[in-house]
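Single-structure report; data block below.
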Amino acid sequence: MVVLPLWIQIVGSLFILSAFAWGQMTDIPSSDIAYPGVNLLGSGLLALDALSGRQWGFLLLEVGWILVSAIGLVRALRSRTHRADKAIQADESDHESGPTMRTGDIQIHAIDENLTVCKVADYSGVDLDAPFRFTGNTDEEHSLVCPTDRLPPQLISRSDGWRAFRIQGVLDFSLIGILAPIATLLAQAGIGIFALSTYNTDYVLTQSSDFDRAMRILAESGYRIV
């Protein structure tokens with residue numbers, strides 16, 4: 001009978017005890033690779049020691065511990081691989097969907113005009129070269145947003161009492177997540193919006209009674225009011 005050195009039994013026991021103490025005294029989950037790995041190493045050494053001393057009951061215990069530790073190690077490795085794959089997919093998704101802008105980088109500029117949203121018979125009486133004329137011509141209607149004191153004569157219906165702010169600058173078409181967070185913030189505050197997009201940027205209209213509160217909410221959320 002071959003008797004292994006006593007240090008093998010001591011080292012194996014220390015491995016298992018250290019893994020147990022680590023799991024009890026830290027926030028490291030038992031599914032972490034290190035936890036089953038240390039247990040597997042310790043139980044393997046103790047199993048060799050039990051086999052050399054023909055301690056069959058102790059050997060059975062350690063073989064069982066080896067199997068449990070091995071299964072835990074395989075599961076931990078699979079979990080780590082899965083998390084890595086998800087991180088890669090998320091990074092690729094972000095890259096494909098386009099760059100974003102941080103809230104603190106977005107400047108909001110208030111438009112000093114009282115606006116009206118209306119429907120017109122045609123655009124013949126609209127000065128399209130004047131500032132802040134937004135048209136929407138479809139197969140069903142001719143819509144118009146313009147200053148209230150500059151309304152054309154051919155009105156069909158109108159909604160007065162609007163103010164607007166502009167997302168300052170020229171926004172690249174690849175940018176995402178600009179308008180949606182603003183709309184969400186204002187919706188959570190019970191403020192309805194009417195959004196318009198131009199080639200350069202986005203304009204957001206609110207009722208005049210809500211405008212100052214909307215600007216305050218955006219400023220408190222990190223947007224730069226200019």
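The values are calculated or read from the model by the stated rules, or taken from the named source; none is laboratory data. Worth saying up front: this structure is predicted, and the values here are computed from it rather than measured. So basically every Cβ, Gly included, is an ideal-geometry build from the backbone, and we count neighbours across all protein chains shown. The accessibility values were calculated without ligands, DNA or RNA, using every heavy atom of the protein model including side chains. Shrake-Rupley method; radii C 1.70, N 1.55, O 1.52, S 1.80 Å.
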Open item on the list: List residues of region 171-205, by number, whose backbone nitrogen lies under 17 Å from a label position 7 Å along Cα→C-beta of residue 137.
Closed with: 199
- [ ] Mind giving me the FRET efficiency for residue 176 and residue 219? R0 is 22 Å, r the Cβ-Cβ distance, nearest 0.05 is fine.
- [x] 0.45
Task: Modelled FRET efficiency - R0 35 Å, residue 33 with residue 103, Cβ distances, 0.05 increments - done: 0.40
Task: Surface accessible to a 1.4 Å probe, residue 15 within the full protein complex, Å² - done: 60 Å²
Task: Square roots of 5 times each gyration tensor eigenvalue, C-alpha, region 129-213, largest first, Å - done: 23, 18, 12
